[in-house]
Each structure stands twice: as structure tokens, then as C-alpha cells.
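One structure below.
The values are calculated or read from the model by the stated rules, or taken from the named source; none is laboratory data. Computed from a predicted model, the values in this text were never measured in an experiment. Because the Cβ atoms are built from the backbone with ideal geometry, glycine has one as well, and the counts that use them run over all protein chains shown. Side chains included, ligands, DNA and RNA excluded: accessible areas come from the protein's heavy atoms. Shrake-Rupley method; radii C 1.70, N 1.55, O 1.52, S 1.80 Å.
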Amino acid sequence: MNYFIKRIGQSVFTIFAVVSISFGLIRLLPGGPAAQLRAQLIQDSAGAADMERVNRLVELHTNIQPSKPVWEQYVDYMVAVFQGDLGESLWHNEPVSAILGEALPWTVFLMGTSLFISFVIGIALGAVMAYYEGSNFDVSATSGIILLNSIPYYIAAVVLLYFLGYQMQVFPTGGHYGSGVEPSLSIGFFRSVLYHSVLPISSMVITSFGGTAIAMRGNAISVLGNDYLRVARLRGLRDRRITMEYVARNALLPMYTGLMMSIGMVFGGSVILEEIFTYPGVGYYMFQAIGSRDYPVLMGSLILITTAIVIGILIADLTYGKIDPRVRGEDREVY
Amino acid sequence: MKSTDTKTDGGTDIDHDLFDSGSDVELARSEQLSNAFTEYVYAPVMILWDDWRARIGSLIILGYLLMGTIGVILVEPATLHEGPRLEGVFEGTEFLLGTDILGRDLFAMIVHATPAMLQMIIAGGVFTTVVATIIGTVSGYKGGVLDRVLMTVSDIALTIPGLPLVIVIVVIFPPQHPVTVGILLSINAWAGLARALRSEVLAVREESYVEASRTMNVPTRVILTKDIIPNLMPYIMVNFVGAARGVIFGSVGLYFLGILPFTTLNWGVILNMAYTQGGSLYTLETIHWFLAPMITIILLSYGLILFAQGMDRVFNPRIRARHVQDDAGTEDTEDDGQIQTTVTEQI
Amino acid sequence: MTEKHETNVAADGGTVQESMAGGTSINEVDDSILSLRDVSVTFGMERGKSKVLNSVSLDIERQEILGVVGESGSGKSMFASALLDAVVKPGVVSGDITYRPGEGSETDLLNLSDEELRQLRWEEISMVFQGAMSSFNPTKDIRGHFEETLKDHDYDVESGMAHARELLSDLYLEPERVLNSYPHELSGGMSQRTLIALSLVLEPEVLVMDEPTAALDLLMQRSILALLEDLQTKYDLTIVFITHDLPLVAGLADRLAVMYAFEFVEIGPADELVQHSAHPYTRSLLRAVPNLDSPLDQMHPIEGASPDPVNVPTGCSYHPRCSLATDECRSTDPPLEEVEVDHRTACFHWQESRQEIPLIDDEETGEHDSDTPIRTAAPTDTVVEMQDVDVHFEQSSGFFGFLGESDIVHAVDDVNLDIHENDVVALVGESGCGKTTLGKAAIGIQRPTSGEVSYRGQDIWEAKDSPDSTDIPFDEIRQSLQIIHQDPGSSLNPNRTIESTLEMALKYGPHDMKKTSRRNRIHGMLSYVGMNPSEDYASRYPHQLSGGEKQRVALVRALMMNPDLILADESVSALDVSLRIEMMDLMLELQEQFDTSYVFISHNLSNARYFAGLADGKIGVMYLGELVEIGPAQAVIENPKHPYTEVLKWSTEDLNVEEELENPPIRGIDIPDPVDPPSGCRFHTRCPYAREACVTQSPSISEDENEHGAACFRDRGEDHEYWDSDPIQGVEASDD
Ligand code: SF4
Ligand code: SF4
């Protein structure tokens, strides 16, 4: 129980910290967004600046009221954000939470699937490599993986886009579903969604499964060298049981920590990936916001992506205690 | 085994020369220097050379270093319309990698982007490892409240997604100098390493030899640098390389998308131009414009990974001892010894 | 390894069989359950083939306990693995192993299909390893281990689990608690016993045990052995017990087989082998055992090391270390010959060996007249004085510290101890009794929770905290109190050469030396402790030294500080038996040269006696954080006043084959949780003499005129209320 409280507390604290950083960036730093927005608004009103109106607008967009003392601004901002109010987009003139709320499921879908596929492939490959440790297959797979790992995912994305998207036109080059398809629970819709996600997911998977495979290979090799495995064989247990309950289970457990680390990496990467594939997720909107200097959206995306990661890690961490008896109730390190 | 005869003159005065060896073991200064050279330069280089991965990795990195230093002097900067538009790879002898849409030599552009890139990488790598080493070792060695605070901060830094945070900061404060870019890009890359180092320090500080040093009243500073940090070197090196790759991937990505200001030439900038101006996606004609910087990046990253794997060996005293001894002409029995231990373990 | 050697062995195998008395074959027993003929295990290595088991032939009797004794690297574990055809690849087993179950037909063990082998294992022959902790799947609970074993062998799970519970309680474990635990939740002794229960759950005929107790405390080892004997009778087991520790099995085993260099060199009934051993190696082994009853100057280490499997000496493989070796021994391999009925040995000169290599017991039977310490210490100044020292640790849990309730571990409670100049104090006790913590408190690297530790009258921690108001600066105190650790593997920095490790001591020590004289000193010391050529050793890294050499370097490092007191924390325990005495001798020799004192920590009473006895020092016995007895070494050993000391003495290996293994003079095998120690006398939960008074009152030490005292009411006068109170539940009333 203690452990749960601790972990949840830590997660909330992390989100809190990010929101604070975001407040600091918006408000406190000279030349920061709030100041810029203000200057912009004053300029827009061409001399006839109605300071009160400007301040109101600034507050509407950023949740910050420039006329109040800093600490009050801070409290207001925090309260607003934790109530789900991320301000209003300058560009779309819509609440940020509405825009991003629409986009978030797509990002989670894209990145979650990539992560899942990449882990499945990596674990399977790693296990096979460990089994044939030292063979030609092992050596060449290792070299191949190092090479794949050297490719940035966005380069893989562009290459895939170039060949399969533009040259051969096998896959669509952007969007999250076909233009003629209505979002519904129909097969056609799902088909279209999957079809549109193939390239982004592939570019992520191709460049990331190798790391998992290498880690899995190492784990499996060390489990194979353990005494308890030898004893299990001596005990005359059936091979199936040894493979599943001894080797697989113990080699997979440490991978869970790797999964937690990857959540952050993958979600962070969504910004670049979604831009390349014009895939309307949080990252895409974040990128658009850069061009239009739409600070509320920018900050909102940062907060939202962090929250998604924190929740992902929290779930992973809390379930870890369920599957590994050794950490149950203990003061375990997060990573 | 024991020399019992020495015991006969055994006074209790230990500053007596009883324990001073008769032979003159003083080494000439030059000899000391050459010993140091063997231990710190020659042996590591030989170990790296021994492993094909490390050998290739070092060669690749050396190549890039040369490109960023001497290359800049040898190769003239690219100028507009110095060659035909969009000449392909190896089509002429003058422009090996071809030219871009404005007739600039791609090879020259890549070479001249190297110094800034190297500065960025080194800045990011050094920043990450130094911050992580300080936080990790202090946190692990001192413990207590300081440890808790530092680790909570690390946990938060670890959770905040690096790229989005960097993007936000970069948008608000566009960095100019490559060094600033490098540091900004690794703004939270230290956290993972700091955590790993801390747990390693926690393990090492419980080792008997660290306790022995403490008991001998060896200053904390010396314990940290001599007893603890050497054990962390493999982690630090591997993570230095990891951080360097992070900077390469991050910077190229952000330049590529045009998020970072084009104050300096960068491989990512070339990619960006190929993508946006050359329309590389739609025609085969400009593919080399895109491929050239791409391969440059992949090759460096490949070299760094190989190098990191080799460095792991340099810090392994078992392997190092073998090389120092080899040089001294001592018989090399280590290989046999190792095989033997693995066998005797099974007996 | 020469071909000639191999053919020799094969030929000998033949001759032995023929030459056996009365035309009987090598089968010296009629009802053997396992018989091995010319069983070899070979590994192909780059340097050539290595035979790690060399044409071994042996019969194992039904329901006997066979003890197999050998040094590490003698091939004894290979022998164990071969019995289950479980040699790790790339090892290859050859020869014949025949298994004769009680009913049913003979089985050729080495020619079974995978499935047959799988069924034979654990159902017929099961095995227990050292390090039970790592023998369990860390992510499966103990119940799961039992159930899967039953299921995979198609046993009825319900009745099987009932049997499992019975086995667990036979081994003094609480069945339900253990079954519900995960492996990491069990202590070392508990998991070892659980593994034994697991090995018996399928009711096998044969139990092979490979160093099953090596990692445990002596008391636990002995207790397990006593239980094993009960199990053997209860379940009609045949037990093969493999160990490096001859005295440990001597009392348990019916027969003993001694291995040297991958062969059996002597086989015979246990008592016969211990009292009238014929092979020089066995005799030296027996002489090397620190025996509580034998005089101190009669323990001799065996010189030299056992051979490498690739490079076994020709002829008798023991000849490089044998004092009786002749040319014949160097060229011809001696066959196993009958010495007496059932007693065989492989030595040409076994008759001489019995005369030339005397066993201690042969000459002086328990007379301790030569047992004088090598010196007697005159009363001297106190170096370290400890008063009412408590050390408590917090086992905190919880992120913010205040969320979790923290448990207090009482590592050391209320201990008084004085250490004089040139003194030796040996602290003994089971692991977790607080002896190391007390030692560390004595040398000022563990801050006591309360109480006072002073160095020559100066409170150490005061000197550290307020450096201005002290007589002796903390730096000086720090240098005067040094340590040698237990684990040779971690006592030296793996990244530095020996020279630079030692240089550190001189650099930060009390010396003001130039680099050259530092080098001279280092080399001089190294060659003094027998590490020649010193230049070579100085430039090595720790992994290039053996365990014994590492400990010598650690000793040198400590001495270089010119200390007044050295804490030797189990510093000989990790060494081979034969090296222990050598190391202890060296430590004592250097003590004289350097005028230093030792606090010697050991879980082994006989090591403590050897060390403290020779230096005329004291032995202190610790139990659950308290010092329960202290006194002159000889007095504590010969006339223990505390029941716990008696238990320790019982547990200390004695070469006693005559007596059956009696049950330990103690109730309960496991030590209570130090977080919540028992009330009154902490030993009352296990003490065989405990009475009601012991539950409520805690005794303290009162020393007699010899400075010998124990914290036990039985040490008090007749009028103490202990004698009038009733024995507590579970203790048989006795009025001794
Ligand atoms: S055969 Fe010779 S060398 Fe071997 S033990 Fe006997 S006397 Fe010693
Ligand atoms: S005081 Fe009582 S319980 Fe304690 S050791 Fe003595 S007799 Fe046993």
C-alpha cells in the first residue's frame, strides 16, 4: 500500500513540476511567451491599447493575469491547469484542451502500437539470438541491429515515405484515416486507420526493436547460466515448463523496466514523426504551434505529453509489483 | 615460502630496514614516463585495436575528427553556383558527392558542417557525463537528505520527455552557438546516467576496499577519484557515447524540421534543404542531396556505437593487465587461466 | 596429460579387479545401489583434453551414507554430476554407471533416453547443491516448486503435498509459512533445508548432496547433519555426501572416499579411515584440521596446491606434494589396493605413511601439555575501551521516511570490552550476531548509537566531532585502527596494481617517505610475507593473485599504517583449510614485529582458539547482539560457562567418529529475529536449561578472577532465584 501511495505521489509531483516549469517559461522569463503575446496584442491594437483588454486576452490564452502578483498568477495557473483548462489557442481560437483532447488518442494509439510491436519483435529476436548464442546468426543479427540502431527514426520515416509513399504509392503519405471514411465503428474505418498508421509505426519499430533485442539477448543468456535452471533440469521438470516458467519469465521481467524507459523516448519522438506524416496527434499540433507561435498549444502539448508518459510509467510500475514477487512492498527504485 | 631467517634479526622497530628490500627499485624518470605511457596510452590503444568493432569505431570517429579539423582547411567552403545544379554522385571529379540545387558542392558543405557538429556533440556529451557523474556520485556516496532530493529531481528529469521540452525551450529562446545547442539538447539526458551511477556507487562504496581506504584516512576526494569513479568508467563512457548520439539525432532532427535557427551549417540543415527545396520526396533526381547527409549521420552514429562497445574492454583490468604485461615481455598465461577458471568452476 | 598415463589407469583398473582378495571383483559390497566402472569426465580445451574425473570405479551400498571428501578442484563435483548424468556441456561422461533399484531391473544410467532420464531424476536419484538460494526460481513461491515437481512426475499432488509438509516439519520448518514464501524471503539455513525437503518429495532412493552446507554457519551445518541422519533412517535413503570438510562428514558417514586429482585415493569405513588412514594425502588432510582437542602446535598446513586437470603429474598424482615419494611413485600410478577388509588406498608406501606421517591422535591422546601459548602478555595499557556500546540500525521503508514504520535492528546491545596492547580478542558467534558490527565499532568505523568507544582514553567520536578539544587528533586515531576484510575478492581495488594500493597506505599513513623509499618498503614487505619476486607481485592486479595472496596484501596494507589494533573480520574464513593456519601464523608473527593488537572475528571456534590461544588472548562469544561470554581462550574452550558456548563447541568440527551424531544441545535451529529479540536472557528461546527466571530477567557478565565470565544465571551462586524457578515449557526438567 505504502508503495502505491509513494509512486502515485511521485507521479503527481512530476506533473506538478512540469506545469511549474511551463508556468516559469511562459511568465517569468523576460521575452517569454506572455510578454511576447502582450507586445503582440498591444501592437495589434495599433496604439489605442486598452491595457485591461490586453490583459484579459492574455489571461484567456495563457491563464496568466499579468496585473496580479506573481504568486497569485502561479496559483491561478496551477489551479486552472489541474482543472483541465490549458488556455485558448491563438491560432484556432479554440480551447487548447479541446484540440489536444481530440489529438491525444491518436498519439497514444500510434506510439502505443509502435512500442508494443517493437517489444514483441525485439523479445522474440533476442530470445532466439540467446538460444543460438555465438552462432553466425547471432553475430550477424547483432551487427545488423547495430546498423539499424544507428539510423534516426525520422530518417527511416523519410526513406519509407519516399519509397513506399511517393514512389510506389503503396501507403498513404499523411493523415490518420482516408478522406472519404467516416469515423465509426465500421471495419472500413479501422482498416483505413491501420492503413494510415503502417508507415509511421514501421519507421519507429524498425529503428527501435534492436535495442530491445540486445537487452533481451543479454537477459536470456544470464538466466540460462543460473543455478536454478540447472536444478530445474535435474528435478526432471518438463521442458515446456522450464522454457515458460523459468527462462521466459525471468528473462522478461527486467525488460519491463526497459519498457518504462521507452515510453518517454517514444512519446517524445511523436513530435517529429507526426509532423513528417502529417498525422494529427499531439505532436503534430505542437509542431504547428511552433510555426504560428501558438504558445498555449505549445505548453499544453508539453504538459499533456508529460502526463501521458507519467501515467504510462505509473501503470507499468504498479503492475510490475504484481508480477515480480521480489519487489512487492519493498522500497524499490523506479528505474 | 616464508623466509624464516629474516626473523632472527627481528627488532620491533618497524622503521628498521627489515622490510626494505635490498634491491634498488628506483626507476629512472624516463622509465617512469614510459611506464605511464604504457599503462595509460599504449595499452588502451592496443586493447581497442584488438577488437574489430572498436577498431572500426575508432577509425570512423578519427575520420570525422580529421574532417572537422584538417578537412576544413583542405576543402574550400561551398559557394553558390560553383558547379552545375544537382550534379549526381561521382558524375564529375570535382564534386564527389554532387551538388545541390544552387550548384553548391555537397561534400564541401558536409565537411564544413562538421566542426559545429563536433562542438555540439562534445558539449552535449561532456555536459551530460559531468552533471551525471557529480550528481550520481555525490548522491550515492553522501546519502541522506541530499540523496533523496537529488534523486527526486533526477526522477522528474527522467520522466519529462526530452524532445518536447527541448522544442519548447528552443522556440522560446533560440540558441545560437553550437555549444549551447549541444547543452540544450541534453538538458535532461543526464538523469538516467545519474541514477545508474548512483546505484553503482552504492554498491561500490560497500566494497571492502573502499572501507579500507576510509579506515586508512584517505581523503574523500581521493576515494572518489581513485576507488569509486574508475569503476564507473564503463558506464560513463557508454553513456557519453549515448549522449553524443542523442545530440546528433536531436540536433539533426530539429534542424531538419527547421525548429532550430539556421545559424550554422549542419547536416540537418542540408537535409532540410533537400526536403523542402529539392523536393527529394518526389523525384529521384535529388536523392543524392538527401542521401549524402543521411549517410554521414548514420556512419558517425554507427562508429560511436562500435567505439562504445570497445571502450568497455579498455576499462576491464583483466584485459588491461594482459596488455601491459605483454609489453613487458612477461609470459601471457591469462588466456589459459581464464579458460581454466571456467572449467574449474564446473568441477 | 600424457597418453601413457591414461593407459596406465586403464590397465590398473584391470589389475585391481583381479588382485582383489578372494577373487571377488571390485564389488566389495553385495547389495550396491549404484555401481560405477571406469567413469571419466573429459573436457576438450584448447590446451588439450582435460580429464576432470579419471576412470573412477566405486560401488555405493544401499542405504549407506557415503562421504566423498576432496579439495576444491579435485573433481568431486564432477563425480556428483556424473551420478545423475548431469555433467554440464561440453563435458563428456564415459564408462558405466549401473543403478539397481530395490525392485525392478538394473538401469544403465548413461544410456537412457532423454525422457527416461528426466523421470529417473528426482524420482530415483535427487540432488542438493550448495547455495540453495540460487536453486529456486526467484519468481515462484515454494509451494509452486513442490507442486510443479509432483505434477511433472505425475504424482498425486495432494498426497505429495502432505508428504512435503511432513518433510518440512521433520526439518524443523513451519510448513505453511515456508510454502507460502518466496525464495528470497527465506534465510540461508531455511532455504537449504527447504531444498532438502524438495529433494525428498518424490521419495527417491538416492540423495546426492554436493557441499550442501558449505555456505552456512557451523551450528546450522551440524544441525542439518543431525537431521539428515534422522531422515536417512526414516526414509531408508542412500546418501552420497560430497564435501571439502573431512571432519564434518566423519561423524555422519558410514564410509568415506577421499578424492585427489580426479581419482579416489582412499576408500574405507569412516572410523577406520579417520583413525588408521593409509594414504599420505588423507593423513595430511587430517593433520591440517584445526581440532579443538588437539594441541595447538600440532596443526600443519599441507604444502603446495592440487594439480590442474590438464597437467596432472605422471605416476602418482600426489607425488609433488608427498614427503614419501620415490622414483616408483613418479613413474607409475599406484592402483587402489586393499589395506584391510573394505579399506583400499592408492599408494605404494602406505605402510611407511602410517609411521612417517603421524596423526595427532596417535601420539598424544588429549594431553594438552604442549599447549602453551607462544608468549604470555604482560599487563599493558588499554588501546581501545568500549563501554555500554549499542549499535542499532534502522530498517526504514517508505519514500518520505515518515510514511513507513521503521524497524530497529539491535545489532549490538550494551557491550563492554577492553582491548590491550599486544592483545588478541577473538569474537565468535553465528552470522547476524553482531560480531562484525561490534568489531567495526571498536575500530571507529561504525558509530555507536549510544555508549562510548575510546582510544587510549580519548573518545573516538568526540575527537571526530569536535577536533579542537581533543588530546589525540582523530587522524591519528583513524590510522591506529585498521581492518582486514573477509572477502579476498573485494578487499583490494580491482582497478589498481598491488603497488599502487599499498602506496596509498604509505602516502596517507603516518610516514613521510620519498617515492623511492615507499617502493623499497612495499617490495620489502611483499617479500617478507612470501610474495617473491616482489617486483612481479607489485605490478600485478588483484585478479592475478590467489585468495591467500590477496589476504596477505590486505594484511600488509593494514600493517603499513603502523596500527595499534587491527580488526581481522573473518579474514581467514574464505581460505582453504590448509591455508588458514599459514595465514594465522603469519598474522601472529607480524604482530610481534609491529606491536599491534587484533580483534579476530570468526564463526569458527577452532580458528578462534588457534589464533587467540597462541597469542594468549581472549575469546568473546556473541549471541543476538550481546556478549554472552568472555575469558581467556583456553578457559572458554575447556570450561565454557554459557550454554550457548557449549552449543558452539558442539558445532565445531571434531574428528569424532566414535560417537554418533547426537542432537544439538539446543532447542530450535533458527536464530530469532534481531528486530524483535526475546525478552530476558535472549538465549532463553533456544537454551536447554532455560527457566522461568530467564524469561523475565536478563543476566549480565560477571567475571571471575581469571577474567572469565558469562551472562548466564547458571554462573551465579546457588542462591540465585534461577535455581528455584521452573523450567520453561519445552525444556525437560533437570537438576544439574
Ligand atoms: S604412491 Fe608415492 S607419491 Fe603417491 S602417495 Fe604414495 S608414497 Fe606418496
Ligand atoms: S540465563 Fe537462562 S536462558 Fe540464559 S543461558 Fe543461562 S540458563 Fe539459558
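Worth a mention:
- Figure legend. Inter-residue proximity from region B:135-153: first residues in contact (Cβ under 8 Å) with a residue 60 or more places away in the chain and at positive phi, second residues outside any helix (DSSP H, G or I) and among the basic types (K, R), beta-carbon distance below 6 Å, spacing 6+ or different chains. No pairs are indicated.
- Verdict on A:Y256 being more than 13 Å from chain B (Cβ to nearest Cβ), in a helix (DSSP H, G or I), surrounded by fewer than 23 Cβ atoms within 10 Å (Cβ to Cβ) and of a type in the set (F, W, Y): yes
- Test: residue in region A:138-147 that is among the hydroxyl-bearing types (S, T, Y) and away from every other protein chain (no Cβ under 14 Å): no
Every residue, every condition in (1) open to solvent by less than 10 Å² (accessible area, probe 1.4 Å); (2) among the hydrophobic types (A, V, I, L, M, F, W, C); (3) over 24 Å from the mean Cα position of the chain (by Cα), yes or no:
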site: C:Y155; (1), (2), (3): no, no, yes
site: C:R177; (1), (2), (3): no, no, yes
site: C:I196; (1), (2), (3): yes, yes, no
site: C:V201; (1), (2), (3): yes, yes, yes
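- Scanning region C:485-517 for residues that are within 28 Å of the chain's Cα centre (by Cα) and over 19 Å from C:A538 (Cα atoms) turns up C:H485, C:Q486, C:D487.
- Picking from residues in region C:464-485 that are of a type in the set (D, E) and out of contact with any strand residue (DSSP E or B) (no Cβ under 7 Å at 6 or more places or on another chain), the one that is farthest from C:V453 (Cα to Cα) is C:D468.
- Looking only at residues of region C:332-356 that are of a type in the set (D, E, K, R) and within 10 Å of ligand 1 (Cβ to nearest atom), we find that the one that is farthest from the other protein chains (Cβ to nearest Cβ) is C:E352.
- Spans of helices (runs of 4 or more DSSP H) in region B:258-347 with at least 2 residues modelled with pLDDT under 80 and under 21 Å from the mean Cα position of the chain (by Cα): B:287-314, B:317-328
- Residue check, A:S292 crowded, with 22+ Cβ neighbours inside 10 Å and polar (S, T, N, Q): no
- Close pairs (8 angstrom Cβ cut-off, 6 or more residues apart or separate chains): more than 14 Å from chain B (Cβ to nearest Cβ) in region C:257-277, in a strand (DSSP E or B) and within 16 Å of ligand 2 (Cβ to nearest atom) anywhere: none
- Test: residue in region C:46-62 that is closer than 23 Å to C:R118 by Cα and either basic (K, R) or not in a strand (DSSP E or B) (or both): yes
- Looking only at region C:101-146, and only at residues there that are facing another protein chain (nearest Cβ under 9 Å) and among the hydroxyl-bearing types (S, T, Y), the one that is farthest from the chain's Cα centre (by Cα): C:T139
- Residues in region C:560-585 that are more than 21 Å from C:C433 (Cβ to Cβ), open to solvent by less than 20 Å² (accessible area, probe 1.4 Å) and without any contact (Cβ under 8 Å) to a residue 60 or more places away in the chain: C:M560, C:M583, C:M584.
- Screening the candidates C:S284, C:S277, C:S306 for the property of being within 17 Å of C:F348 (Cβ to Cβ) and either in contact with a Ser or Thr (Cβ under 7 Å, 6 or more places away or on another chain) or at pLDDT 85 or above (or both) yields one hit, C:S277.
- Considering the conditions (1) farther than 17 Å from B:M216 by Cβ; (2) not in a helix (DSSP H, G or I), C:E462 is excluded by exactly one of them, (2).
- Lone qualifier among A:Y177, A:Y195 - being in a loop (DSSP other than H, G, I, E, B), more than 11 Å from chain B (Cβ to nearest Cβ), of a type outside the set (D, E, K, R) and open to solvent by 50 Å² or more (accessible area, probe 1.4 Å): A:Y177
- Residue under evaluation C:S546, criteria (1) more than 8 Å from chain B (Cβ to nearest Cβ); (2) crowded, with 22+ Cβ neighbours inside 10 Å, criterion not met: (2)
- Only residues that are under 30 Å from B:M151 (Cα atoms) and modelled with pLDDT of 75 or more were counted across region C:395-428, and they come to 4.
- Residue identified as within 14 Å of chain B (Cβ to nearest Cβ) and of a type outside the set (D, E, K, R) among A:M261, A:M244: A:M261
- For region A:195-233, a residue qualifies if it is within 22 Å of A:Y279 (Cα to Cα), β-branched (V, I, T) and in contact (Cβ under 8 Å) with a residue 40 or more places away in the chain, and the qualifying residues are A:I201, A:V205, A:I206, A:T207.
- Here C:T149 clears all of (1) within 9 Å of chain A (Cβ to nearest Cβ); (2) surrounded by fewer than 20 Cβ atoms within 10 Å (Cβ to Cβ) except the condition numbered (2).
- Scanning region C:438-456 for residues that are open to solvent by 10 Å² or more (accessible area, probe 1.4 Å) and either at pLDDT below 90 or within 13 Å of C:D388 (Cβ to Cβ) (or both) yields C:I445, C:Q446, C:R447, C:P448, C:T449, C:S450, C:G451, C:E452, C:R456.
- Within region C:522-538, tally of residues that are more than 8 Å from chain B (Cβ to nearest Cβ) and assigned to a loop (DSSP other than H, G, I, E, B): 3
- Condition check for C:G489: under 27 Å from C:V599 (Cβ atoms), more than 8 Å from chain B (Cβ to nearest Cβ) and open to solvent by 10 Å² or more (accessible area, probe 1.4 Å): yes
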